[in-house]
1. Give me the number: length gained by fully extending B:Asp50 to B:His237, i.e. 0.36 nm times residue separation minus the C-alpha to C-alpha distance, one decimal in nm.
2. Only helical DSSP H runs with n ≥ 4 go in: add -39500 (n - 2.57) per run for chain B, normalise by residue count and round the 222 nm mean residue ellipticity to 500 deg cm²/dmol.
3. With a sphere of radius 12 Å drawn around the Cβ of A:Pro42, what net charge do the other residues whose Cβ falls strictly inside it have (Lys, Arg +1; Asp, Glu -1)?
4. Please give me the summed charge of the neighbours of B:Cys301: other residues whose Cβ is under 11 Å from its Cβ, Lys and Arg +1, Asp and Glu -1.
5. With θ set to phi - 60°, apply the Karplus curve 6.51 cos²θ - 1.76 cosθ + 1.60 along region B:38-52 and write out the HN-Hα couplings as whole Hz, x wherever there is a Gly or Pro.
6. Taking every pair of distinct Cα atoms and averaging 1/r, then inverting, what Kirkwood hydrodynamic radius in Å comes out for region B:302-387?
7. Using the Cα centre as the reference, give the magnitude of the dipole from point charges on the C-beta atoms of chain B (Lys, Arg: +1; Asp, Glu: -1; all else neutral), rounded to the nearest 20 debye.
8. What ratio of Cα Rg to 2.2 N^0.38 Å holds for region B:15-215?
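None of the figures in this text is laboratory data; all of them are computed from the coordinates on show. Just so it is clear, the structure is predicted and the values come from calculations on it, not from any experiment. Backbone-built Cβ (ideal geometry, glycine too); neighbour counts: all protein chains shown.
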Amino acid sequence: MQSNLEIDWTRCDGHGLCAELLPARIARDEWGFPLLAPSAVPDDELIDARRAVALCPALALRLETR
Amino acid sequence: MTAATLDPSTAPSGSTWAIGTPRLLAGLDRYGSLDHTAHIATHGPLPPTDRARLTALLDAIALVGRGGAGFPFATKVRATPDHGTVIVNGSESEPASLKDRTLLRRTPHLVLDGAIAVAAATRAKRVTVAVHDDAAAAAVRRAISERRDCRRVRVELVGGGFVAGEARAVRRALDGGWAVPPGRRVHLTQRGTLLSNVETFAQVAVALRLGPHRFRDTGTHAEPGTTLLTVGGAVAHSGVVEVPLGTPLGIVLSAAGAGIPQAVVIGGYHGTWLAPQLNAQLSHAAGLGAGVISVLDGSTCALGELARVTAWLAAQSAQQCGPCRFGLPALARDVAAIVRGANPTAALHHARAVDGRGACHHPDGAARFVTSGLHVLRTEIERHQAHGGCGRPTLGQLAVPA
């Protein structure tokens, strides 16, 4: 099982909360939109990742597990 | 190789010609456009098919979708459940492309044959032909009225810009929504919808008649058969051209009456700039996309052409996704600055910044177009840096809609 963060770009408004909560995985580009680390989310970061997903004000961040 | 010229004087919308024997464009030289009688006289009746026979045929001829993405069509048919919808995507929102409109207007029965065959194989409840212009809609409606097997077929005019031709955007427009791509990656086949490009269905109609062995008589081993190109820009004979897959670019350019090309853009405005390598074989694996070949000769400022199209691509953003909405205008400003003598660092940076970061492939395609253009035009960039320009006007050899 692998968990990856994904962004629904049609919803993301670049609030930047995700980058504050997950600074190791998410940076921001010059317009404030998230830049995701390309790798899967390791198990010890899953709780933080789920929190970032839950707190995204635009409901744009998702954690996809496959 | 013979250049069998289909007479342009009978062509209502741009000329059509072929290298080798035309398959999709067969009969256009004699009839101009093919009504049902001319269609049957040219192609013969459509053999019946079912799911097993059609998928076996599609596997044998390795047919890939002709809308640009090049997805194996057999895989798409297999993934489509029974009792769904077949959509013939005739939006053709690539500005330099004319091939789908040409098929719809001049040989609509071939497209309908393919759609009916795929509908029969998947027991589809409905077939929708989605088009962007009135002339195509009228031609297809007239063709439907000439035959008895098209009761389930309807024609829909869908509007919109460049990204409106994206598969999921077409589906949304037909459902009554905005013609823009959705944010979630949902495969249409999961919803019982099989959508493909106009030419894909015409190829199915040809393949059903020829059978796998004769279909493979031309083209390459990996990509058998013919393909349609739209050749434009600095050529004497622009228009829609049918060629065997694997035909060298130089053969097409000389048949089209291109002079000495400065650069060639393959695959449209999400495509790739090439230095004119005349022995490069045209194939979907090598980025043929929807088959657009645009030629630039030495009389135009190629960087100016690149800047114009980049500005147009930025204007075509659906404004849904931040990196595309802000990144493409930034990219367009960067390329305009290169024309005035700036170095390409900022443009290359912004191309990387938008790549892969959107709901559809518009930002990725724009990034590929700009990055490959800057690579091919690197000596032009140096000339512009040294002299603030190249002294040539931008002639608009890469056409953009007004």
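1. 63.2 nm
2. Using -39500 (n - 2.57) per qualifying helix, the result is -12500 deg cm²/dmol.
3. Its environment carries a net charge of -3.
4. For residues surrounding B:Cys301, the net value is +1.
5. Coupling constants for region B:38-52: 5, 4, 5, 4, 7, 9, x, x, 7, x, x, 8, 9, 4, 5 Hz.
6. Computed over Cα pairs of region B:302-387, the Kirkwood hydrodynamic radius comes out at 12.5 Å.
7. 1120 debye
8. The reported ratio for this selection is 0.95.
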